[in-house]
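Before any comments, here is the structure.
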Amino acid sequence: KLGKVAPYGVYDVTQNVGWVSVGISSDTAEFAVESVRNWWREMGKESYEHSKEVMITADCGGSNGNRVRLWKYELQKLANELGKTITVCHLPPGTSKWNKIEHRMFCKITQNWRARPLTDLKTIVELIGNSKTSNGLKIKTKIDHKTYAKGRKVTKQEFASINLSPMEFHGEWNYTISPSSP
């Protein structure tokens, strides 16, 4: 009745800053990559513009799971757009709580909105954006108004177009996506 939201975050461990896209559609791989893209535009580019690579540590399940073809396909688009290699290291299945974003950012967001009714989008965005710690954590947030279709399939041809290189150690969890040649 009140609607739903899907928060997707990026936590920069070196800067101790976070980005949260608040989606109002569906939590899909396309939304996950769009959140990374928005982080880059809003925060990452300023700090890492001259880097050759973006590294993502992700859970093994959900919209950014290691078996989600759309996640990899959309990351290829992002790598092409940025002209940067994207390396993804997935945490092993069942270990998502080891991901630093969980215990350094999302737990702080949860503590900040504890006992407050999440009655509207404005309240949610303000509570996320006002989450801070004594260690200097700062979080930026923005509503993503796009609609993301659930169940979008990646064809064999589209998947074959991904410039993906599995790493030697658990290549199913760890891989690099390089920009495609024009």
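The values are calculated or read from the model by the stated rules, or taken from the named source; none is laboratory data. Just so it is clear, the structure is predicted and the values come from calculations on it, not from any experiment. Using ideal geometry, Cβ is built from the backbone for each residue, glycine included, and neighbour counts are taken over all protein chains shown. Ligands, DNA and RNA are stripped out before the accessible areas are found, and what is left, the full protein with its side chains, is counted by its heavy atoms. Shrake-Rupley method; radii C 1.70, N 1.55, O 1.52, S 1.80 Å.
Below, the figures for the structure above:
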quantity	calculated
Unmet requirement for residue 124, which otherwise passes all of (1) in contact (Cβ under 8 Å) with a residue 12 or more places away in the chain; (2) over 21 Å from residue 4 (Cβ atoms)	(2)
Any hit, segment 113-123, residues being closer than 18 Å to residue 21 by Cα, more than 17 Å from the chain's Cα centre (by Cα), of a type in the set (Asp, Glu) and open to solvent by 80 Å² or more (accessible area, probe 1.4 Å)	no
Residues that are of a type in the set (Ser, Thr, Tyr), in contact with a Lys or Arg (Cβ under 7 Å, 6 or more places away or on another chain) and closer than 20 Å to residue 76 by Cα, drawn from segment 22-44	28
Pairs with Cβ under 9 Å, 6+ apart, first in segment 44-60 and without any contact (Cβ under 8 Å) to a residue 12 or more places away in the chain and within 19 Å of residue 179 (Cα to Cα), second acidic (Asp, Glu) and open to solvent by less than 60 Å² (accessible area, probe 1.4 Å)	48/12
Some residue of segment 34-41 being surrounded by fewer than 22 Cβ atoms within 10 Å (Cβ to Cβ), farther than 22 Å from residue 130 by Cα and modelled with pLDDT under 95	no
Hey, residue 21 closer than 29 Å to residue 127 by Cβ and open to solvent by 10 Å² or more (accessible area, probe 1.4 Å) or not	no
Segment 78-112: number of residues that are surrounded by 16 or more Cβ atoms within 10 Å (Cβ to Cβ), assigned to a helix (DSSP H, G or I), at pLDDT 90 or above and not hydrophobic (A, V, I, L, M, F, W, C)	1
Residues of segment 124-161 satisfying the condition of being open to solvent by 100 Å² or more (accessible area, probe 1.4 Å), in contact with a Lys or Arg (Cβ under 7 Å, 6 or more places away or on another chain) and not in a loop (DSSP other than H, G, I, E, B)	138
Where residue 66 falls short, out of the listed (1) surrounded by fewer than 21 Cβ atoms within 10 Å (Cβ to Cβ); (2) touching a strand residue (DSSP E or B) at 6+ places or on another chain (Cβ under 7 Å)	(1)
